[in-house]
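Nothing in this text is a laboratory measurement; each read-out follows from the coordinates by a stated rule. Note that the structure is predicted; figures quoted are calculated from it, not measured. Methodologically, a virtual Cβ is constructed for each residue, glycine included, from the backbone with ideal geometry; neighbour enumeration extends over all protein chains shown.
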There are 2 protein chains.
Amino acid sequence: MNVEVINTGTELLLGNVLNTHLKFLAEALFPLGLRIGRQVTVPDGDLIREAVVEAAARAEIVLITGGLGPTTDDITREIVAEWLGLELVHDEEIMRAIEARFARRAMQMSPRNRRQAQRPREAVVLWNHHGTAPGLYFPPVAMGGRMSPHIFLLPGPPRELKPMFNESVLPILQKLLPERPAFALRSYRIAGMGESGVEELVGEPLLALGLEVGYCARPGEVDLRLIGGPEELARAEEMVVKKLGGHIVSRGGEELEKVVVDLLTARGETLAIAESCTGGFVAHRVTNVPGASAVFMQGFVTYANEAKTRALGVDAALIEAHGAVSAEVAAAMAEGARAAAGVDHALATTGIAGPGGGSEAKPVGTVFIALATKLGPTVVERHRYQHERETFKNLTAQTALDLLRRRLV
Amino acid sequence: MNVEVINTGTELLLGNVLNTHLKFLAEALFPLGLRIGRQVTVPDGDLIREAVVEAAARAEIVLITGGLGPTTDDITREIVAEWLGLELVHDEEIMRAIEARFARRAMQMSPRNRRQAQRPREAVVLWNHHGTAPGLYFPPVAMGGRMSPHIFLLPGPPRELKPMFNESVLPILQKLLPERPAFALRSYRIAGMGESGVEELVGEPLLALGLEVGYCARPGEVDLRLIGGPEELARAEEMVVKKLGGHIVSRGGEELEKVVVDLLTARGETLAIAESCTGGFVAHRVTNVPGASAVFMQGFVTYANEAKTRALGVDAALIEAHGAVSAEVAAAMAEGARAAAGVDHALATTGIAGPGGGSEAKPVGTVFIALATKLGPTVVERHRYQHERETFKNLTAQTALDLLRRRLV
């Protein structure tokens, strides 16, 4: 069955509000074997009708969000009922639910809210436990030679839409789809390799297996998404693991920092992080993981040279001789952090984020990343990331965390 | 002029990626007097063509995002050129830019990247300084009885799209719209006050001045956007400054951390930051500001209690007596950081991000924020932010930086 989504709301097209509905609905529909073929955002008002007509020509299921409120620009209910040739009638049960909601919150109901109690007899009410506007489900009706799609009207605010979708829409869809899909989604998060590099290694064999293959690149990582039957996915798994091996950070979208924290937790080992150019960002990512406190002991944001000496014991003469951005200082930072915090592993970053501070030998974007670990000698990597500041930090953090991950797996 | 946006990308319709383009483009177009009439998301592949045909029938400007990458599912360039009847040719200048990019990063170019150097002679190249895929601008061409719209192809990744839009697309649009709207946009960034609080103070008088008023709330801050004539804006300015006073962080959208770094730079003063619950995020925000190294000396991410004692000299008995999340420990952390780093001001955060770790006296979300400063005695604020981890960190960082900002202005 084809699904299309129509988001209504002038505020979405003005950029006042970020549209999170598509992502939510897509993720919720996928386990049912349903995929959204197309999504459109239209302003409040008459253009909704055109969008409904277009979607109905292509899809068997149409989800419409927004335009169910009490104000005059909220006319989704009226437009859909009129298009289907259904008459709106006052529903006393809806009215009482709206009144009860106002009473519970000791608020005055506006006469405008009466409009929200209207519905065609043929529509099924989707109760709203987080707002006044009920949703509506219009089962297919005959229109000329063919049937209209299944149409669902859902409220605009995400905190109303999400529970209504889970409580009321999913059960209806499940009944429409007694046979569960034969295909599944598998995703791999890959570090240390670009999008085109991943495709070169596994793209053709995956297509040859008859799988749908998608790539999504972010700074320092690539998601590889495979859609297909369970047998093909199992065969793909073997090939992907063989070809990408240690580059695979996780299956199913787990973040690199979560993988690192889980690995450390499983090993009962601890971590410290010394940061110059990343300025606390590596520690921030690690401490975003619930439970990080069991393994992450201490971070050192040693921006000034004196801080590197004072907090990490980096010899001032070493900084003088090689510069603060050098393999020697990176190693000394990691080893100093490991000793100062008394931990099993310590990462260190030092580099030139720019825009100033570069030289011919060490141009802007140069960064040294070190890992001091009880597992062996200290390692230092040199990279160059020519990006604006935030992406520079992101790539450096990514490489640092992946350096540790590869050591732990 | 009507503007429509076409977002391409199967990953958007699968819900793997949140579509932030519409919001960015809408906000960027608004000051030009342009509003987006409709937005559609279509999967990679042939459906892009249908979306282009539909949008072209309604709009004079069509912005298309995504599908410019090196992989086989990236075919936006080909589809648009074919629809316009233009021939794709190899562009040696683009090729050299892509090759130079790979060379700078010491990475191997894939033969697939050659496709990205193709363009019709009639199209204008929009250079991409943050990725390989150049954008393209197709000026109108005659098609049957009418002209095609202005079509812009932009890369999918936001960190490539945003600078390209600002650097290359805006100047072209500005030339297309020789008569600038008589109205201007002014925005105020406000901290320490909610959206409804701001509206209560200034909403009605601003509307009475005939201004279009918009509010945009983010964790810990609100943007107040005013649109109107220069005279009305000047009168509004006086009233807004009088009513919101010290709550105004900046005019024109400057971030809080930038304002703090600029204030410290102007005063020639230095900063250290000691973080427990924010885990490096405050330091990360400060070090996102170019030039922060002149004022930010050192950060201490003291997650473990022993780290607080060792790095900041917080008395273990104090932690034992009051708990690590307490006003006493927050103050001792700030004072310890100020002394250890030898700086003029030091901020400290300690709190319970959750989900675990709360108690009746200090429930999840409790946080203490301290400022030790040469300007006077140490101050500690207690707050409660009941949000998931990242928003908790964000609100805490926001409050900490604003505590310092208010002390410096």
Computed magnitude of the charge dipole of segment A:184-251 (debye, nearest 20; Cβ of K, R +1, Cβ of D, E -1): 240
Rounded D (µm²/s) - segment B:328-370, Kirkwood Rh over Cα pairs, Stokes-Einstein at 4 °C, 1.567 mPa s: 116
Position B:P230, label points 7 Å along Cα→Cβ, spacing to each other copy in nm (shortest first, one decimal): 7.1
Between segment B:54-116 and segment B:118-141, the Cα center-to-center distance that results, in Å: 7
Inter-label distance, nm, simple model (7 Å from Cα along the C-beta direction), A:S359/B:E122: 5.4
Gyration tensor verdict on segment B:3-176 (Cα atoms; rounded if a/c is under 1.5, prolate if a/b is larger than b/c, oblate otherwise): rounded
Convex hull volume per residue in cubic angstrom - Cα atoms of segment B:289-364: 100
Computed helical MRE - 222 nm, the protein assembly as shown, DSSP H runs ≥ 4 contributing -39500 (n - 2.57), nearest 500: -11000 deg cm²/dmol
Label distances, nm, B:G323 versus same residue in remaining copies, Cβ-directed 7 Å point: 4.9
Nearest-20 debye value, chain B charge dipole, Cβ charges on Lys, Arg, Asp, Glu: 620
Dimensions (Å) - segment A:256-408, Cα atoms, principal axes, largest first: 44, 31, 23
Size of charge dipole - the protein assembly as shown - debye, nearest 20, with Cβ of Lys, Arg +1 and Asp, Glu -1, no other charges: 940
Tail weight of P(r) past 29 Å, computed on alpha-carbon pairs of chain B, percent: 58
Most mobile of B:A370, B:A361, B:A292 in a GNM of chain B (Cα contacts under 10 Å): B:A361
Peptide A:382-392 - average C-beta neighbours from other chains (10 Å radius): 3
Charge-dipole axis of segment A:2-176 as Lys and Arg at +1 and Asp and Glu at -1 on Cβ define it, positive-most pick from A:V52, A:A103, A:V42: A:A103
Kirkwood estimate for segment A:1-58, i.e. one over the average of 1/r between Cα atoms, Å: 12.1
Partners for B:K243 among aspartates and glutamates (Cα-Cα distance below 14 Å; same-chain residues under 8 apart left out): B:E199, B:E200, B:E204
Ranked A:L403, B:L13, A:L161, criterion: other C-beta atoms within 10 Å, fewest first: A:L403, A:L161, B:L13
Hits among lysines - C-alpha to C-alpha of A:K23 under 17 Å, sequence gap 8 or more where chains match: A:K162, B:K23
Selected from A:N394, A:G351, B:V198, residue furthest toward positive end of dipole (the protein assembly as shown; charges at beta carbon): A:G351
Proximal lysines to B:K308, defined as alpha-carbon separation beneath 25 angstrom and excluding residues fewer than eight positions away on the same chain: A:K258, A:K308, A:K374, B:K362, B:K374, B:K393
Equivalent ellipsoid dimensions for segment A:135-286 as semi-axes, Å, which come from the Cα gyration tensor, largest first: 39, 25, 15
Paired Rg and Dmax values of the protein assembly as shown, which use every Cα atom, in angstrom: 28.2, 87
Averaged over A:285-291, number of beta-carbon atoms from partner chains that fall within 10 Å: 5
Distance histogram for segment A:323-409 (every C-alpha pair counted, 10 angstrom bins, percent rounded to whole numbers): 19, 48, 27, 5
Ascending count of other beta-carbon atoms within 10 Å, so fewest first, for B:E167, A:E199: B:E167, A:E199
A:R146 paired with B:E231, simple spin-label distance in nm, labels 7 Å along Cα-to-beta-carbon: 5.8
Karplus-derived HN-Hα couplings along segment A:64-73 (A = 6.51, B = -1.76, C = 1.60, θ = phi - 60°), whole Hz, x at Gly and Pro: 10, 10, x, x, 9, x, x, 8, 5, 8
Span from the segment B:145-210 Cα centroid across to the segment B:243-275 one, whole angstrom: 24
Principal-axis tilt of helix A:230-244 within chain A, Cα atoms, nearest 10 degrees: 20
Inter-copy label distances at A:K243 (7 Å, Cα→Cβ; nm, one decimal): 6.2
Debye log10 I(q)/I(0) at q = 0.10, 0.13, 0.18 Å⁻¹ for segment B:173-263, Cα point scatterers: -0.28, -0.46, -0.80
Rg/Rh (Cα only; Kirkwood hydrodynamic radius) as it applies to segment A:62-105: 1.04
5 angstrom amide H check on B:A217, placed H, neighbours 5+ away: B:D223
